[in-house]
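Scroll down for the structure; my scribbles are underneath it.
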Amino acid sequence: MTRKEKSNGHKTETPDVSHIRNVEVTHETSDINVRGVLWFVLVLTIATIAVSVGMWRLFMYYAAQEAKEPGPGPMALSKQERLPPEPRLQSAPGFAITLEDGKRVNLERSIPQAEFRELRKQWEENLNTGLKDSSGNVVGIPINQAIDKVVSGEGLPSRAKGAAGKLEDYAITMPTAASSGRETEKKLQ
């Protein structure tokens, strides 16, 4: 067995056919025009570069125009004035809240729950120390004191204890059906 053959007897190299000549078979010139393909690639590359440079120059022109443009006029709304009116129900970054004491908390870079957490702190403080008016005076009692007051025996305000009125005192005056609404009578409901 020779080096050119595998163990199963097949040859691995193409046989030498250079001695075979066929005059009718030559290079086909109609297959592809190499010169045309190269010109297409060259023109496409030049066009791509030209468009890229043109776009870059256009962006530079727009940037220069934006820099020349004057700022907003004196009557333009500020960023804070363009926000929707309070209460803003959406808890999202980009807002700042003003607490009841006038303290402003910036939530620009906070997580979305930051607004709720800040308001929750304020609510907890109001529940524990009592609600305060704008001058800082307490106008309500803390919730724990209110619970203790109700449980201690003072109770909730109610009607004065005394003799109960007659049942007719609680009756409603209704027009009678027979009088077509001209006369009324008292009815218990």
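Once the C-beta distance of Ala146 and Leu99 is scaled by a Förster radius of 25 Å, the resulting FRET efficiency is 0.60 to the nearest 0.05. Scanning residues 5 or more positions from Ala96 or on other chains, those with amide H under 5 Å from its amide H are Leu107, with H placed 1.01 Å from N in the peptide plane.
Less than 5 angstrom separates the built amide H of Lys132 from those of Val139, all sequence-distant by 5 or more or on a different chain. The simple spin-label model puts a point 7 Å past each Cα toward its Cβ; for Val139 and Trp123 those points are separated by 1.9 nm. Heavy-atom accessible area, probed at 1.4 angstrom with all protein chains present, ranks Lys149, Lys68 as Lys68, Lys149, highest first. Extending 7 Å from the Cα toward the beta-carbon at both Leu42 and Met55 defines two label points whose distance is 2.5 nm. Taking 0.36 nm per residue of separation and subtracting the Cα-Cα distance, full extension of the segment from Glu66 to Thr173 would add 30.8 nm.
The values are calculated or read from the model by the stated rules, or taken from the named source; none is laboratory data. These figures come from a predicted structure and were not determined experimentally. Here the Cβ is made from the backbone with ideal geometry for all residues, glycine too, and neighbour counts use every protein chain on show. Remember, those area values only see protein heavy atoms, side chains included, never the ligands or the DNA or RNA. Shrake-Rupley method; radii C 1.70, N 1.55, O 1.52, S 1.80 Å.
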